[in-house]
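See below for the structure under consideration.
The values are calculated or read from the model by the stated rules, or taken from the named source; none is laboratory data. Everything numeric here is computed off the predicted structure, so don't read it as measured data. With ideal geometry, Cβ positions are generated from the backbone for all residues, glycine too; neighbour counts draw on all protein chains shown. Side chains are part of the model used for accessible areas, which takes the heavy atoms of the whole protein and leaves out ligands, DNA and RNA. Shrake-Rupley method; radii C 1.70, N 1.55, O 1.52, S 1.80 Å.
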Amino acid sequence: QLRLVESGGGLVQPGGSLRLSCVASGIIFSNALMAWYRQGPGKQRELVASITSENYSYYLDSVKGRFTVSRDNAKHMVSLEMNSLKPEDTAVYYCYTNYRGLWGQGTQVTVSS
């Protein structure tokens, strides 16, 4: 079954950290580009970070130095480590793969005191 399942969202105070994970099933994970998008309240969905099969990564300017994307091909998992979180990072975070354009269901991240 083709699917992506995210986990790890939640409520965190400004300056805090969260780690999101996405497990893929039914895809050739080692060949796939994996990415994290987010959609904040009243905003368009935007690409936050991506990682290629060769482990080349991309980051949105506003998260550079704070977020780190990584992948574990053996576990079919991509992760997003988020540090120094800000209220403007509040959004639903979605896992995405270019393998058939598959999306996860999303996980809510709320940064608030």
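Can you report the number of residues in the stretch 78-101 which are in a strand (DSSP E or B) and surrounded by fewer than 17 Cβ atoms within 10 Å (Cβ to Cβ)?
1
Within the stretch 76-106, restricting attention to residues that are charged (D, E, K, R) and touching a strand residue (DSSP E or B) at 6+ places or on another chain (Cβ under 7 Å), which residue is nearest to Ser17 (Cα to Cα)?
Glu81
What do you reckon, is Leu20 in a strand (DSSP E or B) and within 17 Å of Ser112 (Cβ to Cβ)?
When the stated conditions are applied, Leu20 does not pass them.
Does Met34 satisfy the criteria of being among the aliphatic types (A, V, I, L, M), open to solvent by 20 Å² or more (accessible area, probe 1.4 Å) and either at negative phi or free of Cβ contacts under 8 Å to residues at least 40 places away in the same chain (or both)?
No, not satisfied.
Got a sec? Which of Thr68, Thr110 is under 14 Å from Gly40 (Cβ atoms) and either assigned to a loop (DSSP other than H, G, I, E, B) or of a type in the set (Ser, Thr, Tyr) (or both)?
Going through Thr68, Thr110 in turn, the sole match is Thr110.
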